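Structure first, commentary second.
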Amino acid sequence: MSATTLLLAVGNVLRGDDGVAARVLDHVLDQLGAGAGAQAMAVHGLTPELAEAVAAVGAVVILDADVGAATVTLEPLPEAAAGRGTGRVLSHSLTPAALIALARQLYGFNGAAWLCRLPARQLAYGTALSAVAEAAACEGARQLRALLGSRDRLQGDEP
């Protein structure tokens, strides 16, 4: 395991607000630049194959659009949630907690896991974000930069 943080943006950039997580990555990576101790991946969904990539880093932040979210939240994925559901994987679409549990079970991942929920309102075909998602992208990027700037908080050593 390394000190690198994996930033995992989930969503389809061709489905409106579903691409908001990728927009957050764009904002953050533009400002942080290379050598910031973070590696980024944009994926359409969380699949079992990602467990190995999660296990290879010191911390993971999963960013995802959420039509039920009113505001941006960036919170640690509770240890209890990440420890549940370690039975058989019957799908190629996992929840964040199930992905972390799989990385722990198969590869011994013991890093911190965070979940950033980004408000989304429209998921129609197209690349434009709604005003709500645009604002969420800016706020999500701000919160993510703050988290990445505090190694102790990122690793779960302080609230």
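Worth pointing out:
- Packing-based ranking, highest mean first, of 16-24, 56-64 given that Cβ atoms within 10 Å are counted: 16-24, 56-64
- Within the shell of other residues whose beta carbon sits under 13 angstrom from the beta carbon of L29, the net charge comes to 0, with Lys and Arg scored +1 and Asp and Glu -1.
- L77 long-range amide H proximity, modeled H, under 5 Å: A113, W114, L115
- The amide H of D66, built 1.01 Å from its N in the peptide plane, has L118, A120 as neighbours under 5 Å, considering only residues 5 or more places off or on other chains.
- Charge sum, other residues only, whose C-beta stays under 12 Å from Q122's C-beta, Lys/Arg counted +1 and Asp/Glu -1: -1
Read the figures in this text as sums done on the coordinates, not as results from a lab. Since the model is a prediction, treat every value here as computed from it, not as a measurement. We place every Cβ from the backbone using ideal geometry, glycine too, and count neighbours over all the protein chains shown.
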